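S.K.: My questions all concern the structure below.
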Amino acid sequence: MRILHFSDLHIGVENYGRIDPQTGLSTRLIDFLSSLDQVVEYALTEDVDLVLLAGDAYKGRDPSQTHQREFATRLARLSHAGIPAFLLVGNHDLPSAVSRATAVEIFSTLEVPHLTVGDNLQNYTIQTKSGPLQILAVPWPRRSGILSREESRGLTILEVRDEIQDRMTAAIGRRAGELDADIPALLAGHVTVNGATVGTERSMMLGQDHVLLAGALGRPQLDYVALGHIHKHQVLRWDNPMITYSGSLQRVDFSEENDEKGFCLIELDPAAPQGRRMTDFSFHKLNARSFVTVDVTVPAGEQDPTGVVLKAIARKEVADAVVRVRVTLPPEAESHLRESDLRDALRSAHYVAAINRETTPMASGRTRLSAEAAQGLEPMQALNLYLDGRNMEQERREKILRRAEELLEEERADALGPG
């Protein structure tokens, strides 16, 4: 039994892109769809039994008709080939109001053949060509579905989060105990696990994370734990059972600059006893759009600061990449830095995200963000780009980002009202 595990597709991420003249679509949308095409093609040609998306099909809760069309077109290829697909609901798929549908609910409403939407913390049984497979689904939790208004009344945001985490852990334990030991089983979760490595820039996070322990997910009844939400591919545990984040298919921002992108392939032997069914695991890399940072420090007394930066650009692979340039230079050199020459050197880049200048000493420093780079940014993305140009300790940067996320979460909670 071969299972293809990927996550965080985020159709709709169009920052750092431009309009493709042939299709009229954002070039970044084309990037993400191209990666999904590679996943679908692999599933069709390599005898895959199940394709599992561990959450966040779209960037936002209200995908456009174009985004829905492009995603559905690719799912239809799997459905027509008789390959089951399992779509777990992630935080970006959840509506802003309790009564509204999730971004992927339409597929279960239409009863698309061979497609299952995992929108509740429960066990699902999927029929594959190699036999049945159990999936313990752990979608991103809806606060209202776990805590009633009365239970959450008077609690702080942190206390609500802790209570949700405790109840999720207990529910996962109960569902794991209900699994049939004679049928292969895996857990699909869209959560943050304690100890996982996240990017320093968290612009894609909506609200505060619910952090679970690895032991809460890695139950002995399971043969594999397929995770989504964190964009960096990583194996948290190698056995009993294996716990893995597949990571996203494309880089979203510069925090993922050095991350490999791709999907996981898991092979299980249904005839083997529980706990010893996994026979193989592999990570398949995709050619994702490159993100490149050019950091340059112009020394004091340098007569040609532009030349120094141009040499630094020449040492980087900027062709077809999303590029940012960060220049630190003495105040007297700033007027001699010719940005037009820098942009000429970056003509082969897919997109120039920013050319930031910071003068020394720090007391006189000021980060500049071009109007082009600032267009269409969400609050966390704008803050991250601003912090890019500041020379500050990582601990302080993370505190600023965490506080910003808390403020956004508080604003969202006030908008939704009690419960």
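What follows draws every value from the coordinates through simple rules; no lab data is involved. The structure displayed is predicted, hence computed values, not measured ones. For neighbour counting, all protein chains shown are included, and Cβ atoms are generated from backbone atoms with ideal geometry for every residue, glycine included.
S.K.: Do any chymotrypsin sites (Phe, Trp or Tyr not before Pro) in segment 209-259 lie in a loop, going by DSSP, with at most 14 other beta-carbon atoms within 10 Å of their beta carbon, and if so which?
M.R.: Hits after loop and neighbour filter: Trp238.
S.K.: Still on this structure: Which length gain, in nm to one decimal place, applies between Ala404 and Gln22 when the Cα-Cα distance is subtracted from 0.36 nm times their residue separation?
M.R.: That pair, Ala404 and Gln22, stretches by 133.6 nm at full extension.
S.K.: Let me ask something else. List the lysines whose alpha-carbon lies under 24 Å from that of Lys261, not counting same-chain residues fewer than 8 positions away?
M.R.: Cross-link targets: Lys59, Lys232, Lys285, Lys316.
S.K.: If r is the Cβ-Cβ distance from Thr297 to Ser34 and R0 is 45 Å, what FRET efficiency results, to the nearest 0.05?
M.R.: 0.80
S.K.: Work out the FRET efficiency for Thr66 and Glu105 from their Cβ-Cβ distance, taking R0 = 22 Å, and round it to the nearest 0.05.
M.R.: It comes to 0.75.
S.K.: Along the Cα→Cβ direction, 7 angstrom out, place labels at Thr169 and Asp47. What is the inter-label distance in nm?
M.R.: Using points 7 Å along Cα→Cβ, the separation is 4.2 nm.
S.K.: Given the Cα-Cα distance of Trp238 and Arg77 and 0.36 nm per residue of separation, how much length would full extension add, in nm?
M.R.: The Trp238-Arg77 span can extend by a further 54.7 nm.
S.K.: Could you list which residues have their amide H under 5 Å from that of Thr359, counting only those 5 or more apart in sequence or on another chain, with H placed in the peptide plane?
M.R.: Leu329, Arg366
S.K.: Going by amide H atoms built from the backbone, whose H comes under 5 Å of the H on Lys261, apart from near neighbours?
M.R.: Leu286, Ala288
S.K.: Computed FRET efficiency, Cβ-Cβ of His284 and Leu158, R0 56 Å: what is it to the nearest 0.05?
M.R.: Plugging the Cβ-Cβ distance into 1/(1 + (r/R0)^6) gives 0.90.
S.K.: Could you list which residues have their amide H under 5 Å from that of Leu236, counting only those 5 or more apart in sequence or on another chain, with H placed in the peptide plane?
M.R.: Answer set, sorted by chain and number: Ile243, Thr244, Tyr245.
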